[in-house]
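The values are calculated or read from the model by the stated rules, or taken from the named source; none is laboratory data. Since the structure is predicted, the reported quantities are computational estimates derived from the model, not experimental observations. Cβ atoms come from the backbone with ideal geometry, glycine included; neighbour counts cover every protein chain shown. The accessibility values were calculated without ligands, DNA or RNA, using every heavy atom of the protein model including side chains. Shrake-Rupley method; radii C 1.70, N 1.55, O 1.52, S 1.80 Å.
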Amino acid sequence: NSLPLHDLQVNIGPMKQIPPRSLEDPIQFIKGVGPRKAILLEKLRLTSIEDCLYFLPFRFEDRTQFKNISQAVIGEYVTLTGEVLNAGTMFMGRRKRVFEVIVQDKTGVIRAKWFRFNETYMKEKFKTGQKIILSGKSTLNKRSGLEIIHPDTEQVSGEDVNSLEIGKIVPVYHVTDGLHLKSMRTIIKNVLDKYLHLIEEFLPNDLIQRHEFISRADALSQSHFPPQGTSLSELDAFKTPAQKRLVFEELFLIQLGLAFRKKHTGEVNTGTPLKTRGELIKRFVKLLPFTLTGAQKRVLSEIMEDLEKEKSMNRLIQGDVGSGKTIVALTALLTAVDNKMQSALMVPTEILAEQHYLNIRPYCESLGIELSLITSALKGKERQSLYENIRTGKTQIIVGTHSLIQKDIQFKNLGLAVVDEQHRFGVLQRDAIGKKGDHPHLLIMTATPIPRSLALTLYGDMDVSLLDEFPPGRKKITTEIFYENRREKAYGILEKQLQQGRQAFVVCPLIEESDVMDLKAAVTVLDFIKDRFPDYVACLIHGKLKKEERQDIMSRFLKNEIQVLVSTTVIEVGIDVPNATAMIIEHAERFGLAQLHQLRGRVGRGAHSSHCLLMAYHPVTEEGQARMKAMQNSGDGFIIAEEDLKIRGPGDFMGTRQSGMPLLKIANLLRDIRVLETARKEAFPLIDQDPDLKAPEHQPLNKAIHRFLGEYLELMQII
């Protein structure tokens, strides 16, 4: 018989104990780790001492109050002491074994059960008449009464119990298979005991005094093992003095990095000031068949102020779907052309590039502007000719995907770059388009509203403009959830719209049926639509079609020659058909919240009431239900973004590694927004006073930034 996996000791002779040198020491040589557990810890991204110090508990259990068995509350954690009445293996059914220990005190009996165990080890551990302490969640078994499954246990020997699990507020960590929670507590305790004296302070003294922070060493120690009397509710809310100190310093380091970038790019990137509101812009405004909204005028005024400065513009425009970002972007692009310079619009997908190209081409033709579309589909002589026109400056506005940042493409004098749907590009891709000219002005746009906390973290170095007004006459989009048994009712709503002369989208997650995924395929749905609506023209569009085919389909749909457009998510952004008033999204439970909101934005763009019908299939996860409910309850992109952040967390919301945001180990951007704003107020003035943190008192802080931000320093271009 072997010991349980978490108690297995590999016989490799005496473990070499190395004296503590720095927080970068490998975790393997900490007492209780060794080679096998080091591999398990690596799965949790714990390889160094510092990793373990910042691997904080995700919750705590209060085991300070011992209770009698009769006081145990079903479903709550309880710590109690009693005497072992009996212990041994029993069978549940023919094969399932359980090790049971029956414990009694003067008020009653409770059973402790283990379903994963080594019989010899357990029989040796629990003897009849022995006094033990149990801690765990009490449950009720209808047949045998009170029980605790897989409790923590301690033997009582004498009056004093020296334990990390009993009589204390106990930390609960994320663990992995093969690594017991008790082992994790012991490892963290050994790390603190051995390395606490090496933890250095790096926050400036005046800042520490101003906010009455405890020391960094005490903050780390108490965040793992809180002192007696600490409030459990404060611990769970991350509001203890120790936790608040660690949250602040993490957000403070990020804000310092952003302050660095803003300070240094502002000094280095001296751009070319542009003359604004010129003749070309005046002619363009006269061509518009509508009046700009107040928000569009305000944002354009902010952009023009930036373009007139010698410092390169670095501005982010946030605007919900349908708020008119394209016209704002085109005005900026034309301003560069009016100054005898080139401008470029970079978007994430070919179909969006084509849509932008088709939307702005009529204006460019009327104004006599040379416009080109660059995609990966360009081949041979056509591509070479186009590249040559860009190099010589003949082409004035260039629309394209990430193809624009290829080495082969050389601009004559790029004055302005616009990046649309920026969250789909990595930081390096966004920077690359900016390096195609001599510090061109940069305008970034997103139709994915970003919660304030994320905006301060990701774009704290940028100026932000908000398009928070929709063109007049827009009607509310009614959003409803349907399950497959109500499919006909959903199609009845779509049919009513078609009968009124309107058009519709049906969005599917796949093009063709898959053996792997049981999802509705666009090809199958197209056949169904043709049978269900024989009096209307239905067509399929997806990313694998040739450019000419896609453009032809979109042109016919715009002219109402096609009434129902079945598509994959290629229509997520950039499609503007005011007569489209209904959308069915198949397998809505599988889509992300931001993506659902983007898709819904393809309807409701005209003066007619619109419908977005979310078609879901069982089983639906809790997260899937939460996403669809959020869609049903709100049409406000910023409210939806906050919900998305709650559901997915900040890393998944933006695609952490792609976005250039360091992985947060302690702070939570929803919970800690006020701390984030405080950290920002401290960081930016500090960089104004000491731009390179060269003052002797700031050297520890300089070192901490490099250690914390690491690879992100290069991405942020601040060193």
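Placing a label point 7 Å from the Cα of residue 198 along the Cα-to-Cβ direction, the residues of region 208-246 whose backbone N falls under 15 Å of that point are 217.
Can you tell me the orientation of helix 699-709 relative to the chain, as the angle in degrees between its alpha-carbon axis and the longest Cα principal axis, to the nearest 10? Approximately 80 degrees, to the nearest 10. Restricting attention to region 301-358, which GluC sites (Glu not before Pro) occupy a DSSP loop and are surrounded by at most 16 other Cβ atoms within 10 Å? Filter output for region 301-358: 308, 310. The gain in end-to-end length when the residue 391 to residue 500 segment is fully stretched comes to 34.2 nm, 0.36 nm per residue minus the alpha carbon separation. Calculated mean residue ellipticity, 222 nm, the chain: -11500 deg cm²/dmol, from DSSP H runs (n ≥ 4) at -39500 (n - 2.57) each, averaged per residue and rounded to 500. A Förster radius of 51 Å combined with the Cβ-Cβ distance from residue 634 to residue 707 puts the calculated FRET efficiency at roughly 0.80.
Using the Karplus relation 6.51 cos²θ - 1.76 cosθ + 1.60 with θ = phi - 60°, the per-residue 3J(HN,Hα) values for region 605-611 come to 9, x, 8, 9, 5, 10, 9 Hz, with x marking Gly and Pro.
Among beta bridges from DSSP that stay inside the chain, the antiparallel ones total about 40%.
Each part gets one Cα centre, and for region 573-636 versus region 280-299 those centres are 30 Å apart.
Taking label points 7 Å from Cα along the Cα-to-Cβ direction, residue 376 and residue 688 give a separation of 4.6 nm. Approximating the spin labels as points 7 Å out from Cα along Cα→Cβ, the residue 287-to-residue 234 distance works out to 6.4 nm.
Compute the helix-to-body angle for 294-307: its Cα long axis versus the longest principal axis of the chain, expressed 0 to 90° and rounded to tens. On a 0 to 90 degree scale, this one is about 90.
The candidates 121, 195, arranged from most to least accessible area with a 1.4 Å probe in the full protein assembly, appear as 121, 195. The simple spin-label model puts a point 7 Å past each Cα toward its Cβ; for residue 535 and residue 407 those points are separated by 6.1 nm. Taking 0.36 nm per residue of separation and subtracting the current Cα-Cα distance, fully stretching the chain between residue 130 and residue 76 would add 16.9 nm. Computed about its Cα centre, the charge dipole of region 340-395 is approximately 220 debye, with only Lys, Arg, Asp and Glu carrying charge at their Cβ. Placing R0 at 35 angstrom, the Cβ-Cβ distance between residue 366 and residue 484 gives a FRET efficiency of 0.10 after rounding to 0.05.
For residue 48, the amide hydrogen comes within under 5 Å of the amide hydrogens of 27, counting only partners 5 or more places away or on other chains and with H modelled in the peptide plane. Going down the table (379/559; 394/436; 475/530; 297/325; 125/182; 311/340), which pairs top 22 Å between alpha carbons? Beyond 22 Å: 379/559; 475/530. Straight-line reach only, C-alpha to C-alpha below 18 angstrom: list the aspartates and glutamates that residue 412 could link to, leaving out same-chain residues fewer than 8 apart. Those aspartates and glutamates meeting the cut-off are 338, 370, 388, 438. The accessible area of residue 576, taken with all protein chains in place and a 1.4 Å probe, comes to roughly 60 Å². Here's the list of aspartates and glutamates a cross-link from residue 189 could span, going by alpha-carbon distance under 14 Å and ignoring same-chain residues fewer than 8 apart: 50, 51, 165, 218. Computed from Cα atoms, the angle from the helix 241-268 axis to the main principal axis of the chain rounds to 30 degrees. How large, in percent, is the carbon and sulfur part of the accessible surface of the chain at a probe radius of 1.4 Å? Heavy-atom surface of the chain belonging to carbon and sulfur, 1.4 Å probe: 49 percent. By a 1.4 Å probe calculation restricted to protein chains, residue 706 has an accessible surface near 80 Å², given to the nearest 10.
Close amide-amide hydrogen proximity is noted between residue 374 and 399, 400, 401, each under 5 Å apart and 5 or more residues distant or on a separate chain (H modeled in the peptide plane; Pro and chain starts excluded). Remark: the chain carries 47 Å² of accessible area per residue (probe radius 1.4 Å; ligands, DNA and RNA excluded).
From the alpha carbon centroid of region 216-258 to that of region 32-79 is 17 Å. Apply 1/(1 + (r/R0)^6) to the Cβ-Cβ distance of residue 576 and residue 270, taking R0 = 51 Å, and write down the FRET efficiency to the nearest 0.05. Efficiency computed from Cβ-Cβ geometry: 0.85. Computed from phi, the 3J(HN,Hα) profile of region 626-636 under the Karplus parametrisation 6.51, -1.76, 1.60 (θ = phi - 60°) reads 4, 5, 5, 5, 4, 5, 5, 8, 8, x, 7 Hz, with x in place of Gly and Pro.
In units of the compact-protein estimate 2.2 N^0.38 Å, the chain shows a Cα radius of gyration of 1.17. For region 313-326, 3J(HN,Hα) computed residue by residue from phi via the Karplus equation (6.51, -1.76, 1.60; θ = phi - 60°) reads 5, 9, 10, 10, 9, 9, x, 5, 4, x, 8, x, 5, 4 Hz, glycine and proline entered as x. Amide H contacts of residue 510 (H built 1.01 Å from N, in plane; Pro and chain starts excluded): 522 sit under 5 Å, all sequence-distant by 5 or more or on other chains. Solvent exposure of residue 321, expressed as accessible area, is near 20 Å², computed with a probe of 1.4 Å over the protein chains only.
Accessible area ranking (1.4 Å probe, heavy atoms, ligands and nucleic acids excluded), largest first, for 277, 45: 45, 277.
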